[in-house]
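Here's the structure, in structure tokens; my notes come after.
The values are calculated or read from the model by the stated rules, or taken from the named source; none is laboratory data. Every value quoted in this text rests on a predicted model; they were computed, and no experiment measured them. Note that each Cβ is placed from the backbone with ideal geometry, even for glycine, and that neighbours are counted across all protein chains shown.
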Amino acid sequence: MSNALNEYLVTSQERVEKALDLRLPANTILPRKLHDAMRYSTLDGGKRMRPMLTYSAGKALGIASESLDGPACAVEMIHVYSLIHDDLPAMDDDDLRRGKATSHVAYDEATAILAGDALQALAFQVLANDSSMNASAESRIQMINALTKASGSLGMVGGQAIDLESVGKKLTLPELENMHIHKTGALIRVSVQLATLSKPDLDPATASKLDHYAKCIGLSFQVKDDILDEESDTATLGKTQGKDQDNDKPTYPALLGLAGAKQKAQDLHEQAVESLAGFGAEADLLRDLSLYIIQRDH
């Protein structure tokens, strides 16, 4: 990892942590247990990849980070809500997330479900009302629409449904990619879209290039996750290693072999970088993030 990217990761993580803390209800406000569970799952953990993509795309477009705090928090809240629900016994039944007990273990199943529900609602409230956003009412509506599509049955939730229906089945490569374009890729893609929608005068060709970049890294992120599930360990990952294999879920290494999956990740990285050919140094962070995604250890 380059020094510039490492510094950026640290500063962006600190930035979004503070922004999330400001926007989450205090755990002194009733209902305290619910608000405590929301803060427990959201704060102090995770790579913050989706907010970093929002900030990085904004940097490539000359948008100040301050005006992207709201969108960055909104997409992270949706992501955390999805993790809380994914970890429930009715779905992935996991007890470790981001190096600590999952929400339903730390609290209880009902509280975990409600915490996820509340985070989902709060994400859209932030996009609608956040005063730090330099966005018109029309831009806010476009952002809400984009995040709604990305997180609903035609996006992340739909991908999770396909995932649950695919347990024990052998999928073709197009079927596996379709699942992950929705389950993982949709939120990564909208993380970049929220930045492009923050610039109303952006030309469609530039927005399309950034969207293609996001589509490529959305898939490469999942390919790398599948590789890490086989090669890494629980302590490094911060979640249970080998869970997909234990649950008999279709993965890229299972379909392509480990070497084939690694080549797939590399190919997607190269396609992502190629999408940025029309950009100069202002998009270097996006290029570095694409490489980081396929080289990370957790």
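Miscellaneous remarks
- Out of 26, 115, 90, 106, one residue alone is over 24 Å from residue 288 (Cα atoms), small (Gly, Ala, Ser) and in contact with a strand residue (DSSP E or B) (Cβ under 9 Å, 6 or more places away or on another chain). It is 106.
- Residue match in the stretch 129-149 (condition: closer than 30 Å to residue 261 by Cβ and of a type outside the set (A, V, I, L, M, F, W, C)): yes
- For the stretch 3-40, the set of residues classified as among the β-branched types (Val, Ile, Thr) and in contact (Cβ under 8 Å) with a residue 60 or more places away in the chain consists of 16 only.
- So residue 30, is it touching a His at 6+ places or on another chain (Cβ under 8 Å) and not in a helix (DSSP H, G or I): no
- Some residue of the stretch 239-258 being at positive phi and at pLDDT 80 or above: yes
- From the list 104, 182, the one residue that fits, being out of contact with any Phe, Trp or Tyr (no Cβ under 9 Å at 6 or more places or on another chain), more than 29 Å from residue 286 (Cα to Cα) and crowded, with 19+ Cβ neighbours inside 10 Å, is 104.
The rows are residues; the columns are (1) in contact (Cβ under 8 Å) with a residue 24 or more places away in the chain; (2) buried (at least 17 other Cβ atoms within 10 Å of the Cβ).
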| site | (1), (2) |
| --- | --- |
| 42 | yes, yes |
| 53 | yes, yes |
| 57 | yes, yes |
| 72 | yes, yes |
| 76 | yes, yes |
| 90 | no, no |
| 95 | yes, no |
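- For the criterion of being in contact with a Lys or Arg (Cβ under 7 Å, 6 or more places away or on another chain) and within 21 Å of residue 211 (Cβ to Cβ), residue 152 fails.
- Pick from the stretch 144-163, criterion over 16 Å from the mean Cα position of the chain (by Cα) and surrounded by 14 or more Cβ atoms within 10 Å (Cβ to Cβ), ranking: modelled with the highest pLDDT: 144
The rows are residues; the columns are (1) among the polar types (S, T, N, Q); (2) more than 22 Å from residue 167 (Cβ to Cβ).
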| site | (1), (2) |
| --- | --- |
| 97 | no, no |
| 118 | no, yes |
| 135 | no, yes |
| 142 | yes, yes |
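- Scanning the stretch 247-272 for residues that are touching a residue at least 40 places away in the same chain (Cβ under 8 Å) and outside any loop (DSSP other than H, G, I, E, B) turns up 252, 255, 256, 264, 265, 268, 269, 271, 272.
- The stretch 61-71 - residue that is of a type in the set (A, V, I, L, M, F, W, C) and over 19 Å from the mean Cα position of the chain (by Cα) and, of those, nearest to residue 272 (Cα to Cα): 61
- For the stretch 273-298, a residue qualifies if it is part of a loop (DSSP other than H, G, I, E, B) and small (Gly, Ala, Ser), and the qualifying residues are 277, 278, 280.
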